[in-house]
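Visitor: Dumping the structure here so I can ask a few things about it.
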Amino acid sequence: MLKKKEMAEALKILETTYAGAKCGLDFSNPFELLISTILSAQCTDERVNMVTKELYKEYNSAAAMATLSEEEVGEKIKSCGFYKTKGKNILATSKILLEKYNGEVPQTMEELTELPGVGRKTANVVLSNVFGVPAIAVDTHVFRVSQRIGLAKGDNVTKVEEQLMKNIPKNKWSDMHHYIIWHGRKVCKARRPLCDQCNMPPFCEYFRKNI
C-alpha cells in the first residue's frame, strides 16, 4: 500500500485527471437510481441506461413499478442479464417502499440494505448521488484499481471499502469514488490495462510488478 505522501499525490492526480466525473447511470429521482443500480450488477451502465430510458417513461416510481408482474418486469429488463432475479428483487423492493416508506427511498444504510437486491455498493451509490451522504461504493472497478494503485488492500469489497474510507479524506469520498471508476473504465482496464497511457506509474504497484 502507498505511503501517506504517495497516497496524497496519487489522489491528487486522479482528482486532476477526472475532475467533474459523475455517476454513469441516468436518473431523475432516487427511485430511478435505486432500480438502475440494482440492474447494473454484472451489466454495463450503458446497457442499463438503454433499458431504463424506455422503462422509466411509465415506471419511474414504486407505485408504478408495483403494478407489474414479475414476468412483466423481467421482460422489460431482460437485456440487463439475470433478469429473473433482478425482476423479482425490483418488484419486491417496490412493494416494500410502498408499504413501509410511503413510496419513498429510505436514506440510511441500514434501511436500504434491508431491501431485496440492495447491498452496500448499491446503498452507497444511492446515498452518495441523491442524498449527498459521503460514501465510497466499491464496484469491480474500484476494487481492482484501488488495489493495483495501492490505495487499499483486501480480499473482499468490505475490507477495501474500509481502507479507502480510512485513506481518503471524508469530504472527498464521493468524488474520489467516481474518479477511480473512470480510471478503471478508461485506462486501468481489467484484462489489458493501458499502462502506456496512464499517469499513475510512479505510484502503481501493478506497473512496478508487471511492466
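Visitor: Order these by the 10 Å Cβ neighbour count, fewest first: F31, F82.
Guide: F82, F31
Visitor: Over the stretch 28-137, what relative contact order in percent results from Cα pairs under 8 Å that are six or more residues apart?
Guide: Reported as a whole number, the value is 26 percent.
Visitor: Continuing with the same structure: How far is it, in nm, from the label point at R191 to the one at E99 when both lie 7 Å from their Cα along the line to the Cβ?
Guide: It works out to 4.4 nm between the two label points.
Visitor: A further question follows. Which length gain, in nm to one decimal place, applies between V133 and N29 when the Cα-Cα distance is subtracted from 0.36 nm times their residue separation?
Guide: 35.9 nm
Visitor: Measuring from centroid to centroid over Cα atoms, what is the spacing of the stretch 171-191 and the stretch 1-21 in Å?
Guide: The distance from the Cα centre of the stretch 171-191 to that of the stretch 1-21 comes to 11 Å.
Visitor: Lys and Arg at +1, Asp and Glu at -1: add these up for the other residues within a Cβ distance under 10 Å of V142 and post the number.
Guide: 0
Visitor: Can you give the three extents of the C-alpha atoms in the chain along their principal axes, from longest to shortest, in whole Å?
Guide: Dimensions of the chain along the principal axes of its Cα atoms: 54, 31, 30 Å.
Visitor: Right, another one. Tell me what the chain gives for mean residue ellipticity at 222 nm when only DSSP H runs of n ≥ 4 count, each as -39,500 (n - 2.57), the sum divided by the residue total, rounded to 500 deg cm²/dmol.
Guide: -17000 deg cm²/dmol
Visitor: Follow-up question, since we're still on this one. So how do 114-123, 12-21, 190-199, 71-80 stack up, highest first, on mean other-Cβ count within 10 Å?
Guide: Ranked by mean Cβ neighbours within 10 Å, highest first: 114-123, 71-80, 12-21, 190-199.
Visitor: Evaluate E = 1/(1 + (r/R0)^6) for E54 and K12, where r is the Cβ-Cβ distance and R0 equals 45 Å; express this FRET efficiency to the nearest 0.05.
Guide: 0.65
Visitor: Once you list every other residue whose beta carbon is under 15 Å from the beta carbon of N102, what net charge do they have if Lys and Arg are +1 and Asp and Glu are -1?
Guide: -1
Visitor: Could you give each residue of the stretch 99-116 its phi-based ³J(HN,Hα) in whole Hz, using Karplus coefficients 6.51, -1.76, 1.60 with θ = phi - 60°, and x for Gly or Pro?
Guide: Ordered by residue, 3J(HN,Hα) equals 6, 10, 10, 6, x, 8, 7, x, 10, 10, 4, 4, 5, 5, 6, 7, 7, x Hz.
Visitor: For the stretch 30-131, what mean projected area does the convex hull of the alpha carbons give, in nm²?
Guide: Result: a mean projected hull area of 5.5 nm².
All of the numbers you see were taken from the coordinates with simple rules; none came from a lab. Because the structure is a prediction, the values reported are computed rather than measured. Every residue, glycine as well, gets a Cβ built from its backbone with ideal geometry; the counts of neighbours run over all protein chains shown.
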